[in-house]
Amino acid sequence: MENTMFRKEDFLLGTFSTNLSGGMSPTTVPERWVNSWENNLKLAKMLDEAGIDFMLPIARWVGYGGEKIDFHGSVLETITWAAGILAHTKNLNVFSTVQTASINPVVLAKQIATMSQIGEGRIGLNIVAGWNKPEYEALGLDLPADHETRYAYAQEWFDIVKKLWKEEDYFNWEGKYFNLKRVKGDPRPICNVPIINAAGSGEGREFATKNVNFLFTPAIDLKRNKEEIAELKDMATHKGRDVDVLTFSHVVCRPTEEEALQYLEHTAKTNADWVAVDNLIKLQFAHAHSFPHDLLNTIRDQMAAGHGGFPLVGTPEQVAQGIISLSEAGFRGTTLSFVDYNAEFPYFRDNVLPILEKHGIRNNKANVRASMAVQS
């Protein structure tokens, strides 16, 4: 058995941040995403039937606040969220996002192995080594000031997880950060677990190219990204590994470009919660390296429109061409966000996916959607 994330046929598509209030849109419009279990399950079933590859949540403990909203203030915890989604879907891959400092590696290894059985191998793991200082404070933890310490801790943490998934007998572990007595990984995942990490710093990228299958990074300047992806893949090759690169995108797809631009203006400018946006940017400047800092001054508007995701705005043909441009830049896939995922995804499914299939970067999905259209 092989997790389908490892297959190379399709450009991978997933959704991002549906476990959080507002999704990826710090907007005040009334139709903004409500992260209820009912909404998540409805979306998961649509994604599963449409052949979308994965769902990726964000691990969050405190929101960003705002003038009218508490962006990301409501959270569905990612382990229990993923287990529930897996139990109600058949083909969709579902990731759990975990912060290494907030969960013991022995516990996490067991949780992932359990979900591997629930989903028949469709579980994935997104590792967060730590950057959000307010969340550490909320949990009563100290965020190490230097990236070296964070990633050294994450490396030992993940080494333990991997050993639990590999070893068949009990073992002890004596390390710098963990001392474990007679631990054992039983059961183990039923197939290889796809691993994601978002890394911006040099230490983070050393960690990612050594350990993960997918490195997650923003698409801001595709020419720059193409060079960056080549460098990252070369770093991995020198370690004897094959690492692919994913990004994230925000979709506003309408029958005409004018309609799409008007809705973007409505949600991400006229009705953006700029206090929440500025709180988010301030935190990115202070603690994170996910976005290139020399570009952060230029992306305030993009932060309001999909948390800085690559803009896929326009007609179905224009949105499809944007996805094709990501593929041509070397990205292996992208997540998708919408202001209201459940209301907007069906139009994307019915109008953008067929274009991607025609261009050969997505395959064998048309029959599924045709049968769905007949049923509806």
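Computed values, structure above
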read-out	value
Restraint check, LYS166/LYS210; LYS163/LYS282; LYS45/LYS68; LYS162/LYS358, Cα-Cα greater than 28 Å	LYS163/LYS282; LYS45/LYS68; LYS162/LYS358
Point-charge dipole on Cβ atoms (K/R +1, D/E -1) for the chain, about Cα centre, debye to 20	820
In degrees, nearest ten, helix 78-87 long axis to first principal axis of the chain (Cα)	70
Pairwise centroid distance, computed over Cα atoms, of the range 40-105 with the range 204-243, Å	24
Total charge dipole magnitude, the range 169-285, about the Cα centre, Cβ charges on Lys, Arg, Asp, Glu only, Debye to nearest 20	680
Where the Cα pairs of the range 171-219 fall when distances are cut into 5 Å bins, in %	5, 16, 15, 13, 20, 19, 8, 2, 1
DSSP loop trypsin sites (Lys or Arg not before Pro) with at most 15 other Cβ within 10 Å: longest gap in the chain	242-376
The range 62-193, dipole about Cα centre (Lys/Arg Cβ +1, Asp/Glu Cβ -1), debye to the nearest 20	440
Convex hull volume per residue in cubic angstrom - Cα atoms of the range 171-281	220
For ASP186, ASP278, order by how many other beta-carbon atoms lie within 10 Å, fewest first	ASP186, ASP278
Angle in degrees between helix 147-166 and the longest Cα principal axis of the chain, rounded to the nearest 10	80
The chain: calculated mean residue ellipticity at 222 nm from DSSP helix runs of at least 4, using -39500 (n - 2.57)	-13000 deg cm²/dmol
For GLY202, net neighbour charge (Lys/Arg +1, Asp/Glu -1) across residues whose Cβ lies under 15 Å away	-3
Ranking of MET1, MET55 by count of other Cβ atoms within 10 Å, fewest first	MET1, MET55
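Coordinate-derived values only; no laboratory data. A quick note: this is a predicted structure, and the numbers were derived from the prediction, not measured. Using ideal geometry, Cβ is built from the backbone for each residue, glycine included, and neighbour counts are taken over all protein chains shown.
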